[in-house]
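*Asks:* Quick one: the structure is below, questions incoming.
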Amino acid sequence: MHAVERIDVPGQLKAASLRMKLDDTTAMQLAIAASRRALAAGNRPYGAVLLSAAGELLLEAGNRQATDADCTAHAEMVLVREATVRLGTAALRGGTVFASGEPCAMCAGALFWAGVRRVVFAASNPLMAELLGGELLPARCADVLAGTTPPVRVEGPLLEHEAAEVLREAARRA
C-alpha cells in the first residue's frame, strides 16, 4: 500500500493510506487543483500528479519556487524529489506524470531520468506564453523527449481550458 501525499508548501503535508486507480481526466483534475493551491500559496500556478505504472495515485505536488526560494522547485521537480524520498526510486519507474502545464526542458529531463514513461499535460507552452508572458524556454516537452531510450510518451493538451483558468487568475494577480 502506497501513501498518497499532497505536497504543496512546507508544513502542509496531507497523507492518506489509499490505493485508487485514476483515469486520465481525474488525474489531470488533481494536477490542476494542485496548481490552484500553489497559486494560493504565492507560487507559480502549476501542479503535478504521479500515478504508478499500474495507474494508482501516489503523489500530488505544487510549484514551490517562491515558498522554497528555489528556481528549480517546479511542480514536476518537487514531485520527483518527494517521490524519491518518500516512496523510493522504484515508485517513479514506469509511472505517469500529469502536469497542469507542459513540462519545461529541465522537468522533462528529470522525469526521463527518474524513469517516468508517460507525461500528460494540460496547458501547452504556447498557451502559457500567451497568458503569462515573461521568461520563456520554448523547447516543447515532446521535442526534449523525442528519441529517448526507453521512450517516453508525451500527450496533451488535456483539460487545457480548465488549466487556462488558473493561468488567467495568475495573470490577473501579477
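The values are calculated or read from the model by the stated rules, or taken from the named source; none is laboratory data. The shown structure was predicted, so the numbers you read here are calculated from the model rather than taken from an experiment. FYI the Cβ positions are ideal-geometry reconstructions off the backbone, even for glycines, and counts take in every protein chain you see. Ligands, DNA and RNA are excluded from the accessible area calculation, which covers all protein heavy atoms including side chains. Shrake-Rupley method; radii C 1.70, N 1.55, O 1.52, S 1.80 Å.
*Asks:* Would you check which residues across segment 59-72 are hydrophobic (A, V, I, L, M, F, W, C) and surrounded by 20 or more Cβ atoms within 10 Å (Cβ to Cβ) and list them? Reasoning before the result, please.
*Replies:* Restricting attention to segment 59-72, the residues satisfying the condition of being hydrophobic (A, V, I, L, M, F, W, C) are 59, 61, 66, 69, 71.
Across segment 59-72, the qualifying residues are L59, A61.
*Asks:* Give the residue, chosen from T84, T149, that is out of contact with any helix residue (DSSP H, G or I) (no Cβ under 8 Å at 6 or more places or on another chain) and open to solvent by 10 Å² or more (accessible area, probe 1.4 Å).
*Replies:* Details: T84 fails: out of contact with any helix residue (DSSP H, G or I) (no Cβ under 8 Å at 6 or more places or on another chain).
Selected residue: T149, the only one of T84, T149 that is out of contact with any helix residue (DSSP H, G or I) (no Cβ under 8 Å at 6 or more places or on another chain) and open to solvent by 10 Å² or more (accessible area, probe 1.4 Å).
*Asks:* Yes or no: segment 90-102 includes at least one residue that is assigned to a helix (DSSP H, G or I), on the phi < 0 side of the Ramachandran plot and open to solvent by 20 Å² or more (accessible area, probe 1.4 Å). Reasoning before the result, please.
*Replies:* Our first condition is that a residue be assigned to a helix (DSSP H, G or I); within segment 90-102, this holds for 90-91.
This time we only want the ones that are on the phi < 0 side of the Ramachandran plot, so: 90-91.
When the remaining residues are screened for being open to solvent by 20 Å² or more (accessible area, probe 1.4 Å), the result is 90.
Within segment 90-102, one or more residues are assigned to a helix (DSSP H, G or I), on the phi < 0 side of the Ramachandran plot and open to solvent by 20 Å² or more (accessible area, probe 1.4 Å).
*Asks:* What number of residues in segment 32-81 are assigned to a loop (DSSP other than H, G, I, E, B) and among the β-branched types (V, I, T)? Spell out how you get there, then give the answer.
*Replies:* Keep residues of segment 32-81 that are assigned to a loop (DSSP other than H, G, I, E, B), which gives 41-46, 52-55, 63-74.
With the extra rule that they be among the β-branched types (V, I, T), the set shrinks to 67, 72.
Number satisfying all stated conditions: 2.
*Asks:* Here's another thing I want to ask about it. Tally time: how many residues in segment 127-142 are surrounded by 13 or more Cβ atoms within 10 Å (Cβ to Cβ) and either without any contact (Cβ under 8 Å) to a residue 12 or more places away in the chain or not basic (K, R) (or both)?
*Replies:* Taking segment 127-142 and keeping what is surrounded by 13 or more Cβ atoms within 10 Å (Cβ to Cβ), we get 127-132, 139-142.
Narrowing further to those that are either without any contact (Cβ under 8 Å) to a residue 12 or more places away in the chain or not basic (K, R) (or both): 127-132, 139, 141-142.
So the answer is 9.
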